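Peer 1: Before anything else, here's the structure in question.
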Amino acid sequence: MRVAIIGLGLIGSSLASDLKRVGFAHKIVGMDSNLAHRQEAFRLGWADRVYDFDPSFLKTQDLILLATPVNVIANLLPQVLDQISAGTTVTDVGSTKEQICRAVLKHPKRSQFVPAHPMAGTENSGPGAAISRLFEGKTTVICDSENSDEFHLNRVLELYASLNSRVVLMSSVDHDFHAAFVSHLSHLSSFALANTVLAEEKQAATIFDLAGGGFESTVRLGKSSPDMWTPIFDHNRKNILLALESYQNQLEKFRQYLFNEDWNQLRELMTHSNEIRKVLQSFSQRSEKRSEP
């Protein structure tokens with residue numbers, strides 16, 4: 001299959017690497033406005049040819065995958081659909097879906113687009129951050145599937161099946177609401193935690209000496225790319241504000257119980273939070289059963 005990947009960052013390059021590894025793609029064209037990314041992706045072998053965005057290559061591709069920041073996806077997607085032939089499938093990996101889907105809702109080739117969000121990644125960026133088997137065992141959300149033609153939907157389902165990724169179907173509206181709580185809020189709080197520590201700890205050596213595994217794992221997402229996350233916060237502002245308000249309410253409970261030295265109530269809060277372990281274990285067990293032959 002001939003695949004074009006627009007955006008050669010962590011996700012785009014990881015997809016390129018794995019699609020070649022499993023034999024889903026026999027030739028990959030990589031496109032990126034960043035010259036250094038193009039050169040590195042070619043050097044690492046993620047793409048057979050690399051270009052800046054060039055619409056002339058789109059008509060000859062079987063599958064086009066948009067892996068740019070979400071604001072770029074929303075702007076670029078109508079142009080991509082304008083150029084493709086009838087047999088070409090277009091999909092994306094954006095962390096928000098409602099605005100992207102709305103951008104092409106009335107497009108005559110909307111049925112050739114399959115909105116997707118593989119829930120995988122790290123705080124690193126660029127082709128050099130690509131990870132083999134990044135999507136294995138992870139969940140991929142496909143949104144508004146009723147608006148996608150069956151042929152093109154099945155092609156994207158086959159793509160993620162080849163990567164051993166679990167697929168769930170969801171509306172773009174529901175996706176953005178849930179993503180605000182389980183993904184976007186965690187990034188926002190990590191950025192805030194990093195800034196809190198940096199503001200109070202003027203001596204970098206002190207942070208380094210005292211920071212243990214707990215701090216490192218909690219603040220890890222604070223190293224994520226602002227260029228990627230600013231558009232995500234913009235696209236999903238309404239839902240993130242709801243999630244942030246709920247989070248602030250929980251923080252206020254902790255503050256009040258600490259202030260009042262109410263250790264029993266504080267303990268109850270922490271005990272209740274431990275329930276998340278059961279939820280995650282149950283989800284993991286269900287995922288393992290689904291992957292059994």
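The values are calculated or read from the model by the stated rules, or taken from the named source; none is laboratory data. Just so you know, these numbers come straight off a predicted model, no measurement behind them. In this analysis, Cβ positions are derived from the backbone assuming ideal geometry, glycine residues included, and neighbour counts consider all displayed protein chains. Ligands, DNA and RNA are excluded from the accessible area calculation, which covers all protein heavy atoms including side chains. Shrake-Rupley method; radii C 1.70, N 1.55, O 1.52, S 1.80 Å.
Peer 1: How many Å² of accessible area per residue for region 1-108, probe 1.4 Å?
Peer 2: On the way: 4280 Å² over 108 residues.
That works out to 40 Å² for each residue.
Peer 1: Considering only region 109-186, what is the antiparallel percent among its DSSP beta bridges, to the nearest 5? Let's see the in-between values first.
Peer 2: Values: 3 of 8 bridges.
The antiparallel proportion sits near 40 percent.
Peer 1: Next up: Which percentage, to the nearest 5, of the DSSP beta bridges contained in the chain is antiparallel? Before the final figure, lay out the partial values.
Peer 2: Values: 3 of 26 bridges.
Of the beta bridges lying entirely in the chain, close to 10 percent run antiparallel.
Peer 1: Accessible area, 1.4 Å probe, largest first: how do 217, 85 sort?
Peer 2: Details: 217 75, 85 45 Å².
Result of the area sort, largest leading: 217, 85.
Peer 1: Under a Cβ-Cβ cut-off of 15 Å, what is the net charge of the residues other than residue 275 that fall near it, where Lys and Arg count +1 and Asp and Glu count -1? Display every interim value, and only then the final one.
Peer 2: Numbers: positive: 267, 277, 278; negative: 268.
Net charge in that neighbourhood comes out at +2.
Peer 1: Size of the dipole of the chain about the Cα centre, Lys and Arg at +1 and Asp and Glu at -1 on the beta carbon, nothing else charged, in debye to 20? Walk me through the numbers before you get to the answer.
Peer 2: Working: 30 positive and 33 negative charges, 128 e Å.
The calculated dipole for the chain is roughly 620 debye.
Peer 1: How much net charge surrounds residue 95 when only the other residues with a Cβ under 12 Å from the Cβ of residue 95 are counted, with Lys and Arg +1 and Asp and Glu -1?
Peer 2: -3
Peer 1: At a 1.4 Å probe, what is the % contribution of carbon and sulfur to the accessible area of the chain?
Peer 2: Values: 8420 of 15820 Å².
So the carbon and sulfur contribution to the accessible surface is 53 percent.
Peer 1: Any idea which of 142, 163, 219 is furthest toward the positive side of the dipole for the chain, if Lys and Arg beta-carbons carry +1 and Asp and Glu beta-carbons -1?
Peer 2: Among 142, 163, 219, the one farthest towards the positive end of the dipole of the chain is 163.
Peer 1: Arrange the residues 197, 156 by how much accessible surface each exposes, largest first, with a 1.4 angstrom probe.
Peer 2: Working: 197 30, 156 0 Å².
In descending accessible area the options line up as 197, 156.
Peer 1: Further, regarding this structure: Excluding ligands and nucleic acids, what accessible area in Å² is computed for residue 157 using a 1.4 Å probe, to the nearest 10?
Peer 2: Surface accessible to solvent at residue 157 totals approximately 60 Å².
Peer 1: Quick one: ranking 247, 160 by accessible area, 1.4 Å probe, largest first, what do you get? Before the final figure, lay out each step's value.
Peer 2: Details: 247 85, 160 0 Å².
From most accessible down to least: 247, 160.
Peer 1: Right, here's the next one. Under a point spin-label approximation (7 Å from Cα along Cα-to-Cβ), what is the residue 181-residue 251 distance to one decimal in nm?
Peer 2: Distance between the two pseudo-spin positions: 1.9 nm.
Peer 1: Restricting to region 64-161, what percent of DSSP beta bridges are antiparallel, rounded to 5? If you can, show how the numbers build up before the last one.
Peer 2: Details: 3 of 8 bridges.
If we restrict to bridges inside region 64-161, about 40 percent are antiparallel.
Peer 1: If you don't mind, there's one more thing I want to ask. Let me know the whole percent of all Cα-Cα pairs from the chain that are separated by more than 36 Å.
Peer 2: Values: 9494 of 42778 pairs.
Beyond 36 Å sits 22 percent of the P(r) for the chain.
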